[in-house]
Amino acid sequence: MILGVVIILVRPASLHAQPAPPDFCFVISEPGDADKPLSRAYEVKQQYRERVFYYNSDRYWLKPDTTIALSSRDLFQADNGGWRVYTPLVGVSESRILVIAGKDTMRIDLPDDPQPLIDRAWRRWDRPSPEVMRFKPGRTWEVNTCINEYQAGVAAHQVLLPRLQKEAEYVPPPANIPPPGIHPPEPRPTPPISTRAAERPSTAEEWEAFWAEQPPLKKVRVERVNADTVWLRVSGRVMLNGGCGNGMPLFGIEMRTDTGWVERIPFDWTQMDCGLPWGDWEEQVVMVPPLRGWVSVNSPAASRELLPGTYRIVLKGGNLREVPSPAFDIP
């Protein structure tokens with residue numbers, strides 16, 4: 001019954017949904033003659049750095065450079081003439097396109113925010129239509145410079161766009177009754193949908209769903225204890241404290257009492273923004289700071305002493321679920 005209500009509520013919205021803006025895409029033309037595709041054998045790659053946001057924050061850190069080969073598709077359905085369309089990944093940082101033809105390389109820098117490029121494509125047409133960039137190797141170009149240089153010569157809508165629009169308006173004749181001398185183009189498979197960066201959660205419910213999908217902390221074991229110093233063996237994704245290069249997990253301490261386990265001091269799950277937000281570990285051994293000193297620094301003056309007793313360390317997994325270690329004794 002509940003499912004039926006949900007379907008009734010959602011369906012009218014989909015009937016009135018607006019079309020999504022077309023992706024930013026491009027073709028590479030011959031130098032000096034933007035009416036023809038680049039005839040040399042070439043490949044197109046994209047280099048970028050992926051953003052990783054800190055827990056519940058707008059701040060992020062950047063992964064090392066990633067290089068991918070961009071796949072292409074035909075521009076036109078029939079008589080393509082060598083035009084290849086490329087759609088780069090968006091939503092990343094420090095992104096650049098490399099057009100490599102033999103020993104010649106052209107680099108095109110893309111903005112971190114692709115929205116102006118998407119808006120430009122949307123103003124031109126409501127379906128994907130590529131920007132045209134001349135192959136000019138040996139230096140670095142900003143993408144708008146490449147686009148504007150071409151527009152100053154032969155505008156894209158004067159050469160490529162009319163043909164794309166004509167193809168879109170073409171309606172094949174009824175089956176088995178082709179007009180004399182006219183043969184509709186063979187049906188082509190739908191081009192792959194471009195990869196888009198996932199949008200960041202914005203509501204409490206979206207954040208909860210986001211973190212629930214992240215890898216958990218699988219296992220926490222006590223490797224050994226020496227006085228008040230504890231070594232843990234950890235497997236899975238563990239949230240780190242974000243300190244510069246130290247790789248220390250966020251942790252809390254629980255003490256066993258007559259009524260059960262209680263926090264020795266209130267847990268502080270705040271991350272710094274200098275280092276990594278989490279680590280994916282497999283049987284990683286990590287030494288927790290000496291607990292008496294750590295409690296003394298982080299506790300009110302009246303409760304700084306860590307009394308002998310039974311304790312356990314609590315870590316937080318990538319899905320934000322707390323995972324306690326086995327119990328150990330501190331003399």
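Only the coordinates and a few stated rules stand behind these numbers; no lab work does. Note that the coordinates shown come from a computational prediction; the quantities given were computed from them, not determined experimentally. Using ideal geometry, Cβ is built from the backbone for each residue, glycine included, and neighbour counts are taken over all protein chains shown.
Would you be able to say whether some residue in segment 274-283 is in contact with a Cys (Cβ under 9 Å, 6 or more places away or on another chain), surrounded by 14 or more Cβ atoms within 10 Å (Cβ to Cβ) and touching a residue at least 24 places away in the same chain (Cβ under 8 Å)? Before the answer, list the steps.
Within segment 274-283, the subset in contact with a Cys (Cβ under 9 Å, 6 or more places away or on another chain) is 274-275.
Remaining after also requiring surrounded by 14 or more Cβ atoms within 10 Å (Cβ to Cβ): 275.
Of the ones still in play, those that are also touching a residue at least 24 places away in the same chain (Cβ under 8 Å) are 275.
Yes: segment 274-283 contains one or more residues that are in contact with a Cys (Cβ under 9 Å, 6 or more places away or on another chain), surrounded by 14 or more Cβ atoms within 10 Å (Cβ to Cβ) and touching a residue at least 24 places away in the same chain (Cβ under 8 Å).
For segment 281-315, give me each residue that is of a type in the set (A, V, I, L, M) and not in a strand (DSSP E or B).
Scanning segment 281-315 gives Leu291, Val295, Val297, Ala301, Ala302, Leu306, Leu307.
Only strands (runs of 3 or more DSSP E) wholly contained in segment 21-84 count here; list those with 1 or more residues that are of a type in the set (Phe, Trp, Tyr).
Working: elements: 26-30, 33-37, 43-49, 51-53, 60-62, 66-69, 72-74.
Filter on segment 21-84 gives 26-30, 43-49, 51-53, 60-62.
Looking at segment 243-266, which of its residues are over 20 Å from Asp329 (Cα atoms) and either among the aromatic types (Phe, Trp, Tyr) or in contact (Cβ under 8 Å) with a residue 24 or more places away in the chain (or both)?
Hits for segment 243-266 are Gly243, Cys244, Gly245, Asn246, Gly247, Met248, Pro249, Leu250.
If only one of Trp61, Trp83 is within 30 Å of Cys244 (Cα to Cα) and crowded, with 16+ Cβ neighbours inside 10 Å, which one is it?
Working: Trp83 fails: within 30 Å of Cys244 (Cα to Cα).
None of the others qualify; the one that does is Trp61.
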